[in-house]
Amino acid sequence: MWWYLLKRLGLSVVIVLMAIAALFVMLHSIPGDPVSIALGPRATPEIQAAYAEKMHLDQPLAFQFLIFVGNVLQGDLGTDVFSNRSVGLTLSEQLPYTIILAVAALGWAIALGIPLGCLSAIWPNSWIDRVTGVLSVGTIAVPSFLVSIWAILIFAISLRWLPVLGAGDEGDVIDQLRHLILPAFAVGLGWVGYLARMVRASMLEVMGENYIRSARAFGLTSRMVVFRYALPVAVLPTITLIGVGFGGLLSGTVFAEIIFSRPGIGRIIYDMVLARNFPVVQGAVLVTIVLYVVVTLIADIIVSWLDPRVRDSL
Amino acid sequence: MTKITQTRRGFLQTAAIAGAAGLTGAFPGIAWSADGDTLTVRFDREMESLDPGYYVGGHPPNDVNWCIMPALAHFGMVDGQASWVPSPYVESVEVVDSTHIEFTLKQGLMWSNGYGEVTAEDVAYSYDRMTESEWKGDYVAYERTEVKDKYSGTIVLNQPFAPFMNLTLASGTGIILCKKATEEAGGKYTIEPPATCGPYVMEHKQAQYVRLRPNPDWTGPLPAFANIDCIFVTDSEAGALAFEAGELDCAKITSTSYARYLKETPPGAALTVAGALQYMWMGINIENPKLSDIRVRKAIQRAVDIDSIVQGAYSGTAEPSYGIICPGLVGKRDAAGYSYDPAEGKALIDEAGVSGLNLTLRTLNSPERLLAAQIIQVNLAQIGITVEIIPLDSGPFWEMGQESKGDTYKDMDLWIMRFGAGPDPYEATQWFIRDQVGVWNWERWSSDEFEELYNQGIGETDQAKRHEIYVRMQEIMEETGGYVWLTHEPEVFIHRDDIDAKFAPSGEMQMAYFAPK
């Protein structure tokens with residue numbers, strides 16, 4: 001297990017370093033003068049010169065890359081060109097909101113999707129399976145932004161049950177939970193169907209295995225067979241999927257953050273791209289990449305812990 | 001030492017419980033709306049800077065500055081017209097003659113952070129500083145401020161400048177800074193003013209909100225709303241939905257939403273058109289070899305059906321444009337020198353001997369402008385011109401015609417452009433003088449007569465003569481064949497109908513003047 005962990009960690013570090021290099025190359029491949037791009041058309045030559053010096057843009061490219069990597073490794077993601085605030089500070093304010101939204105969205109999707117998938121597999125071709133199948137495909141097919149707008153029209157405008165703007169008052173947990181419901185619903189709905197289909201397929205495969213037949217032959221109850229012997233094996237690919245999905249949600253919640261005006265990493269990337277505030281965009285993309293790698297790593301570790309056979313596959 | 005152990009089965013059980021707990025976090029709330037003493041408004045974007053010398057775009061920096069910073073004049077209504085009025089910070093402001101303005105500040109107005117009283121020295125410092133700033137165009141006629149005593153002084157202009165009060169002192173560039181605090185901050189700041197003085201103090205959380213709360217040191221008249229919450233809602237439709245959900249008291253809306261609400265206004269809501277100080281046109285690069293024949297450019301002018309654009313792209317809510325001077329301003333034209341006549345356009349194309357012409361039309365990728373571009377594409381096809389639409393995001397769009405940003409300007413054929421204007425015709429004309437060729441004059445023409453009229457317009461105080469000057473300037477622009485006038489988009493707000501909402505003619509909210517009816 002430790003050897004697997006070490007190899008997996010090493011691979012993650014390599015991926016992050018490659019991502020940093022790719023990000024650096026992409027930023028320097030944008031047509032035009034990076035100073036003009038960063039500061040916009042109104043900046044005076046004096047401001048442009050000061051910015052170029054401050055950001056080491058007057059240095060050779062290789063030197064700039066070393067400084068960039070060095071700063072990132074020290075946790076220095078740069079400075080917001082407009083507010084002069086630390087990009088790291090800005091992102092540390094935004095990141096918790098995105099993580100909370102992603103956890104809440106995937107949380108309710110897991111809580112509903114996995115049981116639905118199990119039920120469909122236990123009683124294949126029953127009315128439960130058919131209804132679940134139709135609902136699953138339906139929720140996967142409907143775009144999340146459409147779900148968001150429907151949810152706002154029904155629950156915020158018609159019924160006035162739930163708030164639609166922002167993340168709630170700081171320090172007021174109840175208010176923050178209320179503000180979380182609609183975006184988490186909108187982001188997570190598609191995942192309910194996705195997880196239900198995934199678990200159903202895995203469960204059907206596992207339920208046909210010899211050891212399950214043996215368990216039944218020994219007279220174990222259906223509940224014990226399903227929950228003790230089938231589900232722990234069937235859920236393994238789902239855990240990998242959840243890990244990848246959670247990583248994707250860290251930047252994929254952008255539509256919910258915009259429609260519900262929630263703070264978050266996706267929204268700050270969107271806003272700062274419009275404002276051409278590239279140091280913040282660069283920092284936010286980098287943080288998203290690192291988190292993606294970390295979450296995928298955690299998912300892989302969990303899977304390898306649950307299924308020792310995986311440890312030899314790296 | 002306690003050893004923490006976890007079995008695989010235990011992990012799965014814990015995960016299931018955690019998932020269920022996450023689900024039970026959802027519970028129904030109750031209806032809510034803005035508190036009685038709190039005004040909640042929409043800001044459509046984050047602020048890059050609040051510094052009056054370096055801000056970008058009037059909204060939202062001006063909305064905030066007018067609540068937390070002093071000024072000699074604000075916008076108000078005079079004889080039913082939007083015009084400057086003395087601000088709550090002054091005992092008096094008086095235009096003595098065409099080049100002298102006397103002012104006396106109220107006593108006892110204190111800067112925050114212990115910087116003492118607002119003084120005439122601060123006024124002089126602020127305006128002197130503006131002549132070196134990115135907004136120095138507003139101070140083209142400013143000479144100096146003579147300080148008489150601690151609270152009073154005289155602003156001296158270097159020439160008569162009719163729009164000085166409205167365009168400069170009452171606008172966002174007329175904000176007064178604390179000299180000592182600004183100098184200590186290095187002479188410039190972004191979104192954290194080193195000292196403020198106003199009825200409110202500001203709390204800003206990036207990309208989330210600006211909260212304005214009562215300033216305990218404020219000795220002037222108190223605003224009707226003790227608190228103002230300004231929420232950043234970048235998406236316009238999301239802003240409209242939030243208003244309908246009762247979470248905003250006032251929100252700026254798009255032409256599409258305006259058309260929808262004109263048909264059916266939500267209960268308890270009112271619509272206010274704050275002004276139409278936007279002018280949109282289709283620019284034509286007269287230096288482009290494909291468009292160098294003026295007959296081709298005039299053919300294009302005659303082939304574009306403005307009524308279809310107004311109806312199709314703006315649902316009839318925008319006003320057709322006949323130049324760059326906006327409705328309600330001196331110099332506004334009543335008609336263009338050409339009209340929609342595709343037959344005449346085709347005849348001009350044939351006369352020029354042009355056939356199979358392919359042009360590009362660049363536009364910002366907003367829904368209204370893309371629709372306008374598609375209508376133009378169909379219009380120009382009628383006279384044998386094939387148009388390829390190139391949608392762009394704001395970054396490359398605003399740089400494409402600037403010589404300092406690359407060579408794209410050489411390849412430009414047609415583009416849809418929109419500028420915002422101040423409450424005086426001078427401001428709109430300043431972007432088309434000779435110095436602006438390759439900066440903002442992307443049509444790349446110049447005219448000695450235009451330059452002469454531009455200087456005359458600055459100094460002329462007779463309104464009838466100014467009208468003639470600015471009408472003629474627009475005629476000159478039109479005669480180049482470089483412009484197809486499109487629309488004046490209105491700045492529209494939806495707000496609670498029990499609120500008396502106040503707006504500057506340039507479309508910003510004057511939140512300190514909002515009051516319950």
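Assorted remarks:
- Screening the stretch A:40-70 for residues that are away from chain B (no Cβ under 14 Å) and assigned to a loop (DSSP other than H, G, I, E, B) and picking the one that is modelled with the lowest pLDDT gives A:M55.
- Only one of A:G88, A:G107, A:G113 that is within 14 Å of chain B (Cβ to nearest Cβ), small (G, A, S) and surrounded by fewer than 18 Cβ atoms within 10 Å (Cβ to Cβ): A:G88
- Selection over the stretch A:132-156 of residues that are out of contact with any Phe, Trp or Tyr (no Cβ under 6 Å at 6 or more places or on another chain), at the interface with chain B (Cβ under 10 Å from one of its Cβ atoms) and not β-branched (V, I, T) gives a count of 3.
- Residue match in the stretch B:456-463 (condition: out of contact with any Leu (no Cβ under 8 Å at 6 or more places or on another chain), away from chain A (no Cβ under 14 Å), under 30 Å from B:A347 (Cβ atoms) and among the polar types (S, T, N, Q)): no
- A:L286 more than 11 Å from chain B (Cβ to nearest Cβ) and either modelled with pLDDT of 80 or more or in a helix (DSSP H, G or I) (or both): yes
- Residue in the stretch A:189-199 that is farther than 30 Å from A:L73 by Cα, out of contact with any Lys or Arg (no Cβ under 8 Å at 6 or more places or on another chain), among the basic types (K, R) and in contact (Cβ under 8 Å) with a residue 12 or more places away in the chain present: yes
- In the stretch B:379-437, the qualifying residues are those that are in contact with a Leu (Cβ under 8 Å, 6 or more places away or on another chain) and aromatic (F, W, Y), and the one that is surrounded by the fewest Cβ atoms within 10 Å (Cβ to Cβ) is B:F397.
- Residue in the stretch B:250-261 that is touching a residue at least 24 places away in the same chain (Cβ under 8 Å), touching a Gly at 6+ places or on another chain (Cβ under 6 Å) and within 14 Å of chain A (Cβ to nearest Cβ) present: yes
- The criterion of at least 2 residues that are modelled with pLDDT under 95 is met by the following strands (runs of 3 or more DSSP E) wholly inside the stretch B:70-181: B:73-78, B:81-86, B:90-97.
- Residues that are in a helix (DSSP H, G or I), surrounded by fewer than 24 Cβ atoms within 10 Å (Cβ to Cβ) and of a type in the set (A, V, I, L, M) within the stretch A:117-144 comprise A:L119, A:I122, A:I128, A:V131, A:V134, A:L135, A:V137, A:I140, A:A141, listed in sequence order.
- Filter pass, A:L73 being farther than 19 Å from A:Y51 by Cα, modelled with pLDDT of 90 or more and not aromatic (F, W, Y): no
- For the residues B:L212, B:L271, B:L248, B:L262, the requirement of being part of a loop (DSSP other than H, G, I, E, B), at pLDDT 90 or above and hydrophobic (A, V, I, L, M, F, W, C) singles out B:L248.
- Cross-chain or 6+ apart pairs with Cβ under 8 Å, the stretch B:330-345 first and closer than 17 Å to B:I476 by Cβ, then aliphatic (A, V, I, L, M): B:G331/B:I325; B:G331/B:I469; B:G331/B:V471; B:G331/B:M473; B:K332/B:I325; B:R333/B:I325; B:R333/B:V471
- Where helices (runs of 4 or more DSSP H) fall wholly inside the stretch A:157-267, the ranges with 2 or more residues that are away from chain B (no Cβ under 13 Å) and farther than 28 Å from A:D300 by Cα are A:210-217.
The values are calculated or read from the model by the stated rules, or taken from the named source; none is laboratory data. Keep in mind that this is a model prediction, so the values were computed, not measured. Don't worry about glycine lacking a Cβ; one is built from the backbone with ideal geometry, like all the others, and counts go over all protein chains shown.
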